[in-house]
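Since every read-out is calculated from the coordinates, none of them should be taken as a lab result. Keep in mind that this is a model prediction, so the values were computed, not measured. Here Cβ is always computed from backbone atoms with ideal geometry, including for glycine, and neighbour counts include all displayed protein chains.
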Amino acid sequence: IKKQQQDVLGFLEANKIEFEEKDIAANEENRKWMRENVPEDSRPASGNPLPPRLFNDSRYLGDYEAFFEARENNAVYAFLGLTAPPGSKVGVHLPHWKP
């Protein structure tokens, strides 16, 4: 989970996309908000949805897998519900990182 969170945060920071990070481990209110705002069809069969989960305000966008797929398809801005900056392609191209 931590690696996925760092991947998302690193991408947003590198592309100067404003975001607000909500800690669900230390804040019960944030945890409750996330559980209530993840749509029923996007929840696991058992247990609670795990982070990272992405939202644009209160509109649910998806989980890490959806983010990763959008990034691989150069469609992150569309996935995030944002307009791509001038001079960019339809999405953002991010080189593959090798650990």
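Here's the yes/no breakdown for (1) within 24 Å of Thr83 (Cα to Cα); (2) in contact with a Lys or Arg (Cβ under 7 Å, 6 or more places away or on another chain); (3) exposed (fewer than 14 other Cβ atoms within 10 Å of the Cβ):
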| site | (1), (2), (3) |
| --- | --- |
| Ile1 | no, no, yes |
| Ala26 | no, no, yes |
| Arg31 | no, no, no |
| Ser46 | no, no, yes |
| Pro52 | yes, no, no |
| Asn56 | yes, no, yes |
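Give the range 15-36 a look and list any residue that's in contact (Cβ under 8 Å) with a residue 24 or more places away in the chain, farther than 22 Å from Gly47 by Cβ and of a type in the set (A, V, I, L, M, F, W, C), or say none.
The one that is in contact (Cβ under 8 Å) with a residue 24 or more places away in the chain, farther than 22 Å from Gly47 by Cβ and of a type in the set (A, V, I, L, M, F, W, C): Ile17.
Look at the range 37-67 and say how many of its residues are aromatic (Phe, Trp, Tyr) and in contact (Cβ under 8 Å) with a residue 40 or more places away in the chain.
Of the residues in the range 37-67, 2 are aromatic (Phe, Trp, Tyr) and in contact (Cβ under 8 Å) with a residue 40 or more places away in the chain.
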